[in-house]
Each structure stands twice: as C-alpha cells, then as structure tokens.
Amino acid sequence: MAIDSTCLGVIETDGLCLAIEAADGMLKSGKVTLLGVLIAGGGRGAALIRGDLGPVQAAVEAGVAAASRKGKVLARNVIPRCDQHLLAHLSRLIGEEAKVAQERSDPG
C-alpha cells in the first residue's frame, strides 16, 4: 500500500540539534517521509514529516521521546488530511531555506 502522505507531523524544539534528534527518531519509527528540519527563529528548531495518519502519530511520539531525552520539546502537532496547498508551500519553503543555506556555505 502506498503512503497517502496527506498527514503532517511537526515537532518544535528548543534548538536545531534537538529538532534533528526528533527527526531522526521520527524517521526510525516507521514509514514516514521527512519534509525537512528548519530553524524556526528565536533559537527554536522544527522537524516536519508527512505520511499516513497512524505512522505519523507514532513517529511524532517517537520523535518527542527522542528529543525529550536531551532537551526541551516546545510543541508537537499532527494534522490529518492536511491541505495539499499547505504541504506544497512547506515543501517550497524548506527547499528555499536549504538553497539559501547552501549559498551561504559556498565559498565561491
């Protein structure tokens, strides 16, 4: 069965490193797709995934558990049947942020 990918899972943490830890925990928990890990401002980080509702719910709980062992989880959310326009917007936003980061690190 293919992933429906209409469910969005988000974990916001106190720092980028914790968001990466949360993303790792989410991806190891089951069949979900990473949308990205973002610097959310104010020193916060956010990890975003998509997939079917059951796996996303389990992944968010696993990500919260992983990040909580090392720091503070500020928020978590699961949005079932997330609007495709929002998912597309988030994908573009994450892609643009990655491009800016790459340009900043490119010495040329």
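A few points about this structure:
- The condition of being closer than 19 Å to Leu93 by Cα and either surrounded by fewer than 18 Cβ atoms within 10 Å (Cβ to Cβ) or at pLDDT 95 or above (or both) holds for only one of Gly51, Gly30, Gly71, Gly43, that being Gly43.
- Hey, Gly36 within 12 Å of Ile11 (Cα to Cα), touching a helix residue (DSSP H, G or I) at 6+ places or on another chain (Cβ under 6 Å), surrounded by fewer than 18 Cβ atoms within 10 Å (Cβ to Cβ) and not β-branched (Val, Ile, Thr) or not: yes
- Count of the range 76-97 residues, restricted to those that are under 12 Å from the mean Cα position of the chain (by Cα) and either closer than 21 Å to Leu18 by Cβ or modelled with pLDDT of 85 or more (or both), is 5.
- Checking Ser5 against (1) at pLDDT below 95; (2) in a helix (DSSP H, G or I), the condition it does not meet: (2)
- Hits in the range 8-63 (condition: assigned to a loop (DSSP other than H, G, I, E, B), under 17 Å from Ile79 (Cα atoms) and of a type outside the set (A, V, I, L, M)): Lys31, Asp52
- Any hit, the range 37-45, residues being touching a residue at least 60 places away in the same chain (Cβ under 8 Å) and not hydroxyl-bearing (Ser, Thr, Tyr): no
The values are calculated or read from the model by the stated rules, or taken from the named source; none is laboratory data. The shown structure was predicted, so the numbers you read here are calculated from the model rather than taken from an experiment. FYI the Cβ positions are ideal-geometry reconstructions off the backbone, even for glycines, and counts take in every protein chain you see.
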